[in-house]
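The values are calculated or read from the model by the stated rules, or taken from the named source; none is laboratory data. All of these numbers come straight from a predicted model, not from anything done at the bench. Note that we place each Cβ from the backbone using ideal geometry, even for glycine, and neighbour counts take in every protein chain shown. Please note that ligands, DNA and RNA were not included when accessible areas were found on the heavy atoms of the full protein model with its side chains. Shrake-Rupley method; radii C 1.70, N 1.55, O 1.52, S 1.80 Å.
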Amino acid sequence: MNDEIFEGIHRGLTVEHIMTPLDEFCFYPQDSALHKDITVFPIKDDDGKITRYFDSKSSKECYILPNKTVSKDLDLMSLIKMLDKRSFFFVVHADIVGIVTVADLRKGAVRMFFYLLLYRLENHMKMFFKERISEEEFIRIAKPKCRTQKKDYALSVFEECSFYDYLAGLKNYDVFKQKHGMSIRDVEEFGGLDRFRNWIMHPSREDVKVKIDSEIDYNHYLFKQLERIQRLEELLKLCD
């Protein structure tokens, strides 16, 4: 995927696509007794303005300060990084127009965002090897499953192998490791991306959701994968 096209698409995926809009707010105190699973309840002032909220975890009323707000146009990459430090933000566009929490990171637009990141990363890994070594050499170091049988193949191995095969290739490609002073264990750190990629590509699979109990832990998981993706992309570019 052309990087300019990618940047345009991912900048178009914003907080507005996953936030809870103003017309769906649950307010304190009238709604708080009805929604036990919600922890943040906006409070309407006498003039109808929203300047405070009730935190059901601490049982305190708090003012909505600038550090607790984000723009509705903020891109999802920035939001994921910010939610790793704070569990929610009020969304503003002149006035408050919504609220976004770590729970919203389970929505489809976030999965689409990571799909785009992983699509680009897989393509970068493919081009990295395709421009540097022969098919035979790649088969030797990556041992891709698509080449386990002795037969004639219509497509190049670079067109048939999987995301996992490229990761395996990086682990065993001495030039890549030597360039960055990395050991096999260092490169294996990126191995978790394969499982993450499989989950992202198959929305019906909720194994990650089952194994991550809290929304905060879920966001930490996403943040960790985002860091891995960006780090690997950076290392691949440094080899150009």
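Here the Debye sum runs over all C-alpha atoms of the stretch 33-152 as equal scatterers in vacuum, and log10 of I(q)/I(0) at q = 0.18, 0.19 Å⁻¹ comes out as -1.02, -1.09. With protein chains left intact and a 1.4 Å probe, residues in the stretch 105-240 average 56 Å² of accessible area per residue. Identify the residues of the stretch 48-80 with backbone N under 17 Å of a label point that sits 7 angstrom from the Cα of K107 along the Cα-to-Cβ direction, or state none. Flagged as within label range: 69-80. A simple charge model with +1 on the Cβ of Lys and Arg, -1 on the Cβ of Asp and Glu and nothing else charged puts the dipole of the stretch 119-199 at about 120 debye relative to its Cα centre. Put +1 on the Cβ of every Lys and Arg and -1 on every Asp and Glu Cβ in the stretch 91-240; which of Y164, L238, T101 then has its Cα farthest towards the positive end of the dipole? Value computed over the given set: Y164. Nonpolar atom fraction for the stretch 26-161, defined as the carbon and sulfur part of the 1.4 Å probe accessible area, stands at 51 percent.
Charges were assigned to the Cβ only: +1 to each Lys and Arg, -1 to each Asp and Glu. The resulting dipole of the stretch 52-138 about its Cα centre is roughly 460 debye. The order of K224, K60 by accessible area, most exposed first and with a 1.4 Å probe, is K60, K224. Applying a threshold of 25 Å to the alpha-carbon distances of K143/K177; K36/K224; K126/K224; K171/K224 flags K36/K224 as lying beyond it.
Projecting the Cα atoms of F89, G48, Y115 onto the charge dipole of the chain (Cβ charges, centred on the Cα centre) puts Y115 farthest toward the positive pole.
Rounding to the nearest 20 debye, state how big the charge dipole of the chain is about its Cα centre with +1 on each Lys and Arg Cβ and -1 on each Asp and Glu Cβ. Show your work: numbers first, answer last.
Details: 38 positive and 41 negative charges, 168 e Å.
Value, rounded to 20: 800 debye.
Structural descriptor for the stretch 108-201: relative contact order 30 percent, calculated from alpha carbon pairs under 8 angstrom and at least 6 residues apart. Residues V92, V15, sorted by accessible area with the largest first, give V92, V15 [1.4 Å probe; ligands and nucleic acids excluded]. Helix 192-201 and the longest principal axis of the Cα set of the chain meet at an angle near 70°.
The accessible-area ordering, largest first, of the residues D23, D46, D104 stands as D46, D23, D104, per a 1.4 angstrom probe.
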